[in-house]
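Peer 1: My structure is below; once you've seen it, I'll send some questions.
The values are calculated or read from the model by the stated rules, or taken from the named source; none is laboratory data. Just so it is clear, the model here is predicted, and its values are computed rather than measured. Note that we place each Cβ from the backbone using ideal geometry, even for glycine, and neighbour counts take in every protein chain shown. Surface accessibility is based on the protein's heavy atoms, side chains included, excluding ligands, DNA and RNA. Shrake-Rupley method; radii C 1.70, N 1.55, O 1.52, S 1.80 Å.
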Amino acid sequence: MIRAAAAFALGLAAAAVPAAAAAAADLTIVAHSYRSGPYAASGIPAADGFGDYFTLLNTRDGGIGGRKVVIEECEFGYSDELGMKCYAQNQGRSLVWIPLSTSVAYRLTEATRATGEPLITTGYGRTETADGSAFPQVFNFPAHYWDGAAAQVRYIKEHTPGGDLNGMKIALVHHDSPYGKEPIKTLQALAQREGFALKLLPVAHPGLDQDAVWAEAKAWGAEWSLLWGWGEMNLAALKAAKEAGVPLDRVFGVWWSAMNSDLKRMRKAGQGYKALNFHAVGTEYSVYNQLNEHVYIPGRAAGLANNLGSTMYNRGLMTAAVVAEGIRNAQKLHGTPDITPQQMRDGLELVDLSEARLAELGFEGFMHPFANSCAEHGGSGRVAVNEWDARLRGWRQVSEFYESPRVLIDQLVRAHADGYLQATGRARRACD
């Protein structure tokens, strides 16, 4: 039986980490976090999940390979400049960089290229970095933005009579940043192939005033509206869409627009809203039994244990589990528990999360299996559609894990990776 809910009922506060523990750390990860600012509602559970997983490993297993893992959060409030400052002040100290921001990821793609430090962008960042032969140090798993855009169109097509999108009107309401612009290339290619009209509706940061945008989508006659928002922009979008008379069961978010807290605040009005995800939500996974025993009940949680099973908390858990696998692989490959960031990169390239391995880790059924390789840094590309059930105040998965249209997506990734290499005067590495 999954007992994680018991910890929530206890209302446990985070336990302070003794200074001596940090001093004795063998493996350090400097984690970008944003527990403040307009995106804190998303940043807090992501940081909590990431930290709690390593607390589990340290408490239950004594760390990884006999070495404790210490997470040093670097608060950057989702500011590009502060995000780069976190990196500059800690360069060479962190086994891996996980910027939690597409804009910062763009800049770190160049910075880490020179140092060989690994950069993980789980479902965000520069999409062409899925090409491991062109971007050896960047890992964009388990699915990227172009997989997401293709999945949204596939779901719409499957739920259109006859599967004919010719003449349909689809709006993209997106954060006016590198993140929000990422799906445009894929959607334009799909619009040309499927015959639908695409309208781009950018929303300026932080995205709190969207009345005009959703009124324009309504006036244009959008039959579906794709939402690529973040933080407070997501709730503002749902409220503005409702006010404009746009049915929320025809609003379809990417995985960064799938926050439980936003939909709960919409109450009954959020019924039927859909969003993508590349992992499960909820606590019905055996890893939660272990977290409950070793983290929540003893009072070691990174936060208040009040966001367990939410989209962003589970994303933090998933990211931490993959990072831990990378550490194990690197230690084994290089024959030492005291690995460097460059050795960590090698370990991440050997990550192989089969169904059996996911079950061993307590993540059975949590996500679609995937394996990295020299050339493949983008994961399986599999994503599923979830629908908000206002009565249950939670998500229901309403599709299979869609396989990405590999021919189209691989061509786009290859072409944009080639463009990057040409612009920077670099060459691909050989991958057997």
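Peer 1: Taking interchain pairs and intrachain pairs at least six residues apart, which have beta carbon atoms under 6 angstrom, with the first residue in the stretch 118-143 and of a type in the set (D, E, K, R) and the second open to solvent by 10 Å² or more (accessible area, probe 1.4 Å)?
Peer 2: Once the first residue is of a type in the set (D, E, K, R) and sits in the stretch 118-143, its partners that are open to solvent by 10 Å² or more (accessible area, probe 1.4 Å) give ARG126/TYR106; GLU128/VAL413; GLU128/HIS416; ASP131/VAL413.
Peer 1: Among (1) touching a strand residue (DSSP E or B) at 6+ places or on another chain (Cβ under 7 Å); (2) of a type in the set (A, V, I, L, M); (3) at pLDDT 95 or above; (4) buried (at least 24 other Cβ atoms within 10 Å of the Cβ), there is one condition VAL246 misses while meeting the rest; what is its number?
Peer 2: The single condition VAL246 does not satisfy is (4).
Yes/no per residue for (1) buried (at least 24 other Cβ atoms within 10 Å of the Cβ); (2) at pLDDT below 95; (3) in a strand (DSSP E or B):
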| position | (1), (2), (3) |
| --- | --- |
| GLN152 | yes, no, no |
| LYS157 | no, no, no |
| LYS185 | no, yes, no |
| PRO206 | no, yes, no |
| ASP209 | no, yes, no |
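Peer 1: Could you pull out the residue among ARG93, ARG126, ARG107 that is touching an Asp or Glu at 6+ places or on another chain (Cβ under 9 Å) and crowded, with 23+ Cβ neighbours inside 10 Å?
Peer 2: ARG126
Peer 1: Return the total of residues in the stretch 290-303 being open to solvent by 30 Å² or more (accessible area, probe 1.4 Å) and either closer than 23 Å to ASN234 by Cα or not in a loop (DSSP other than H, G, I, E, B) (or both).
Peer 2: Result for the stretch 290-303: 3.
Peer 1: Moving to a separate point now. For residues in the stretch 258-288 being open to solvent by less than 30 Å² (accessible area, probe 1.4 Å) and assigned to a helix (DSSP H, G or I), which is farthest from ALA40 (Cα to Cα)?
Peer 2: VAL287
Peer 1: Is there a residue being acidic (Asp, Glu) and within 24 Å of PRO247 (Cα to Cα) anywhere in the stretch 120-129?
Peer 2: So far as the stretch 120-129 goes, no, none of its residues is acidic (Asp, Glu) and within 24 Å of PRO247 (Cα to Cα).
Per-residue answers, yes or no, for (1) within 30 Å of ASP432 (Cβ to Cβ); (2) within 22 Å of the chain's Cα centre (by Cα):
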site: VAL96; (1), (2): yes, yes
site: LEU100; (1), (2): no, yes
site: PHE139; (1), (2): yes, yes
site: ALA150; (1), (2): yes, yes
site: ALA191; (1), (2): no, no
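Peer 1: Out of the residues in the stretch 211-221 meeting the condition of being of a type outside the set (Gly, Ala, Ser) and open to solvent by less than 50 Å² (accessible area, probe 1.4 Å), tell me which one is nearest to ARG250 (Cα to Cα).
Peer 2: It comes out as TRP214.
Peer 1: Another question about this same structure. Can you list residue pairs whose Cβ atoms sit under 7 Å apart, with the first residue in the stretch 338-365 being open to solvent by less than 10 Å² (accessible area, probe 1.4 Å) and the second being assigned to a loop (DSSP other than H, G, I, E, B) and among the hydroxyl-bearing types (Ser, Thr, Tyr)? Count only pairs 6 or more apart in sequence or on different chains.
Peer 2: GLY362/TYR285; PHE363/TYR285
Peer 1: If LEU82 satisfies all but one of (1) open to solvent by 10 Å² or more (accessible area, probe 1.4 Å); (2) modelled with pLDDT of 95 or more; (3) out of contact with any Phe, Trp or Tyr (no Cβ under 7 Å at 6 or more places or on another chain); (4) not charged (D, E, K, R), what's the number of the condition it fails?
Peer 2: (3) is the only condition that LEU82 fails.
Peer 1: Another question about this same structure. Condition first: in contact with a strand residue (DSSP E or B) (Cβ under 6 Å, 6 or more places away or on another chain), farther than 13 Å from ALA240 by Cα and of a type outside the set (Phe, Trp, Tyr). Now tell me which residues in the stretch 203-227 satisfy that.
Peer 2: Within the stretch 203-227, GLY221, ALA222, GLU223, LEU226 qualify.
Peer 1: May I ask you to say which residue of ALA258, ALA302 is small (Gly, Ala, Ser) and within 16 Å of the chain's Cα centre (by Cα)?
Peer 2: Being small (Gly, Ala, Ser) and within 16 Å of the chain's Cα centre (by Cα) holds for just one of ALA258, ALA302, which is ALA258.
Peer 1: Right, another one. Any residue at all in the stretch 1-15 that's under 30 Å from GLU182 (Cα atoms), at pLDDT below 95 and in contact with a Pro (Cβ under 8 Å, 6 or more places away or on another chain)?
Peer 2: No, there is no match, as no residue in the stretch 1-15 is under 30 Å from GLU182 (Cα atoms), at pLDDT below 95 and in contact with a Pro (Cβ under 8 Å, 6 or more places away or on another chain).
Peer 1: In the stretch 139-175, which residues are of a type in the set (Gly, Ala, Ser) and either touching a helix residue (DSSP H, G or I) at 6+ places or on another chain (Cβ under 9 Å) or at positive phi (or both)?
Peer 2: The answer is ALA143, GLY148, ALA149, ALA150, GLY162, GLY163, GLY167, ALA171.
Peer 1: List pairs: first residue in the stretch 65-85 and at positive phi, second residue open to solvent by 50 Å² or more (accessible area, probe 1.4 Å) anywhere in the structure, Cβ distance under 6 angstrom, at least six positions apart or on different chains.
Peer 2: GLY77/SER36
Peer 1: Let me ask you something else. Taking ASN306, is it in contact with a Phe, Trp or Tyr (Cβ under 9 Å, 6 or more places away or on another chain), modelled with pLDDT under 95 and surrounded by fewer than 16 Cβ atoms within 10 Å (Cβ to Cβ)?
Peer 2: yes
Peer 1: Residues that are surrounded by 23 or more Cβ atoms within 10 Å (Cβ to Cβ), not hydroxyl-bearing (Ser, Thr, Tyr) and not in a helix (DSSP H, G or I): does the stretch 40-61 have at least one?
Peer 2: No, the stretch 40-61 contains no residue that is surrounded by 23 or more Cβ atoms within 10 Å (Cβ to Cβ), not hydroxyl-bearing (Ser, Thr, Tyr) and not in a helix (DSSP H, G or I).
Peer 1: Just one of TRP224, TRP255 is over 30 Å from ASP61 (Cβ atoms) and either open to solvent by less than 10 Å² (accessible area, probe 1.4 Å) or at pLDDT 95 or above (or both); which is it?
Peer 2: Every option except TRP224 fails the conditions.
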